[in-house]
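Since the structure comes first, as structure tokens, the remarks are kept for the end.
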Amino acid sequence: MILRGKRKACFTPHSDCGDNVIIINAEKVVLTGNKMTQKYYMRYTGYPGGQRTRTVAEYLKRKPTFVLEHAVRGMLPKNRLGDAIYRNLYVYEGPNHNHEAQQPIELKINTHKQYKN
């Protein structure tokens, strides 16, 4: 909702009026249930028999930002507008990022439940 700008009074569905979003600590993502081992991401190499699968746990070890980027990308429109909005998303593995000069404002996202790690 923040990326799209749906909470703003100037929101129109055909334009990018959202804010830039910086996500830090991507390696600390918590999934419920057995999703760490049972959820798969598939890709295809382009060759016969080239379907490759990896679990969420493998991606969190290899490239922690992929899990959040893939989830947010799936929530955006599947057109040029979605591509433009996706460019306003920045995901970092640790607590450090290089956007301090822009003076970002920290947002506390409320969840329905608090999960223990």
By the scheme Lys and Arg +1, Asp and Glu -1, what is the net charge of all other residues having a beta-carbon under 13 Å from that of Tyr86? +2
Taking Kirkwood radius over Cα pairs in Å as the quantity of interest, determine which of (i) 16.8; (ii) 16.4; (iii) 15.0 was computed from the displayed structure. (ii)
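For the chain, what proportion of DSSP beta bridges, expressed in % and rounded to the nearest 5, is antiparallel?
60
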Lys39's amide H: which non-local residues (gap 5+, or another chain) put their own amide H closer than 5 Å, with H modeled 1.01 Å from N in plane and none for Pro or chain starts? Val56
Using R₀ = 30 Å, calculate the FRET efficiency as 1/(1 + (r/R₀)^6) where r is the Cβ-Cβ separation of Thr53 and Asn25; round to 0.05. 0.70
Among Tyr44, Tyr86, Tyr59, which one shows the biggest mean-square fluctuation in a GNM of the chain, springs joining Cα atoms closer than 10 Å? Tyr44
Take Val72, project a point 7 Å from its Cα along the Cβ direction, then tell me which residues of segment 1-37 have their backbone nitrogen under 18 Å from it. 1-8, 16-31
222 nm [θ] for the chain, helices only, -39500 (n - 2.57) per DSSP H run of 4+, per residue, to 500? -6500 deg cm²/dmol
Contour excess over end-to-end distance, with Cα ends at Ser15 and Leu81 and 0.36 nm allotted per residue: 23.1 nm
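No lab work stands behind these numbers, since they all come straight from the coordinates. Here the structure is a predicted model, which is why all the values come from computation and not from measurement. As a convention, Cβ positions derive from the backbone with ideal geometry for all residues, glycine included, and neighbour counts pool all protein chains shown.
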